[in-house]
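**Student:** The structure follows.
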Amino acid sequence: MKKIIFTVLAAAMIAACTTPQKKSSLGKNGKDGASATDGTEAAPLPPGAEVIEASLRGSGFDVDPDIQTVRFDYDSAQLSEQTLDILKANAAVIKTRKGSEFLVAGHCDDRGTVAYNLALGQKRAKEVRDYYIRLGVDGRKVATISFGKEQGECSEATEECWTRNRRAVTGVRAKAGTAKK
């Protein structure tokens, strides 16, 4: 009897380890894609957008005075109403920059582990990118990266400083072979 139970348990464990599991792509709102507080649905990413996004990462991205930085609450990647308004204005600027590529960099304050802050910074950057896409920005020209707590605007252990460091910055660079605008 014990041998049968052991055999059944071993077979179940092997099956669980070798059966590919379908990953859920459900957002916080229980629907496919990311969620936003304004009720807009996530647009599907264009085919190959993630591969193209990876090729956009790198150097040469500059801060554009027409594109504002957005801030986040502690331990959150949720876009506030104020943030959504800023991102709408940013998206309008991004759409006019035909020969440019963009990099959304997620940042965190210095509390928490390096791994945790890198993951949170990536969630913040992805929320911003996904919202840009829902607003009609071509997702193939917007990449994301997380700097976690590594590139803070300030280093004091104060709430004001921590608030400044919890942000997403959208940088811009000219595409290779195009003039900078």
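The values are calculated or read from the model by the stated rules, or taken from the named source; none is laboratory data. In this text the structure is predicted, and so the values were computed from the model without any measurement. Glycine gets a Cβ as well: all are built from the backbone with ideal geometry, and neighbour counts include every protein chain shown. For the accessible areas, the whole protein counts, side chains as well, though only heavy atoms, and no ligand, DNA or RNA atoms are used. Shrake-Rupley method; radii C 1.70, N 1.55, O 1.52, S 1.80 Å.
**Student:** Taking Rh as the Kirkwood radius computed over C-alpha pairs, what is the Stokes-Einstein D of the range 57-103 at 37 °C in a medium of viscosity 0.692 mPa s, expressed in µm² per second?
**Tutor:** 270 µm²/s
**Student:** Among rounded, prolate and oblate, which fits the range 84-142 when a ≥ b ≥ c are the square roots of the eigenvalues of its C-alpha gyration tensor, a/c under 1.5 means rounded, and a/b larger than b/c means prolate?
**Tutor:** Since a/c reaches 1.5 and a/b is larger than b/c, the shape of the range 84-142 is classed as prolate.
**Student:** Evaluate the distance, in nm, between pseudo-label points positioned 7 Å from the Cα of C154 and of D138 along their respective Cα→Cβ axes.
**Tutor:** With each label point 7 Å from Cα toward Cβ, the separation is 4.0 nm.
**Student:** Something else about it: Go through the range 150-159 residue by residue and turn each phi into a ³J(HN,Hα) via Karplus (6.51, -1.76, 1.60, θ = phi - 60°); whole Hz please, and just put x for glycine and proline.
**Tutor:** With the stated coefficients, the range 150-159 comes to 7, 10, x, 6, 8, 10, 6, 8, 10, 4 Hz.
**Student:** Please compute one quarter of the surface area of the Cα convex hull for the range 100-181 and express it in square nanometres.
**Tutor:** 6.2 nm²
**Student:** Same structure, new question: Per residue of the range 123-131, what does 6.51 cos²θ - 1.76 cosθ + 1.60 with θ = phi - 60° give for ³J(HN,Hα)? Whole Hz please, x for Gly and Pro, Karplus curve as stated.
**Tutor:** With coefficients 6.51, -1.76 and 1.60, one gets 4, 4, 4, 5, 4, 5, 4, 4, 5 Hz.
**Student:** Quick one: which residues, 5 or more positions from T144 or on another chain, have an amide H under 5 Å from its amide H? H modelled 1.01 Å from N in the peptide plane, none for Pro or chain starts.
**Tutor:** V104
**Student:** Ok, one more. Between D75 and K98, what FRET efficiency follows from the Cβ-Cβ distance if R0 is 35 Å, with the result rounded to 0.05?
**Tutor:** 0.40
**Student:** Report the net charge of residues surrounding A157, where surrounding means a beta-carbon distance below 12 angstrom and charges are Lys +1, Arg +1, Asp -1, Glu -1.
**Tutor:** With Lys, Arg at +1 and Asp, Glu at -1, the neighbours total -4.
**Student:** At 1.4 Å probe size, what's the solvent-accessible area of V114? Round to the nearest 10 Å².
**Tutor:** Solvent-accessible area, nearest 10 Å²: 70 Å².
**Student:** Okay, next question. How large is the accessible surface per residue of the range 70-177, computed with a 1.4 Å probe and reported in Å² as a whole number?
**Tutor:** Per-residue value: 45 Å².
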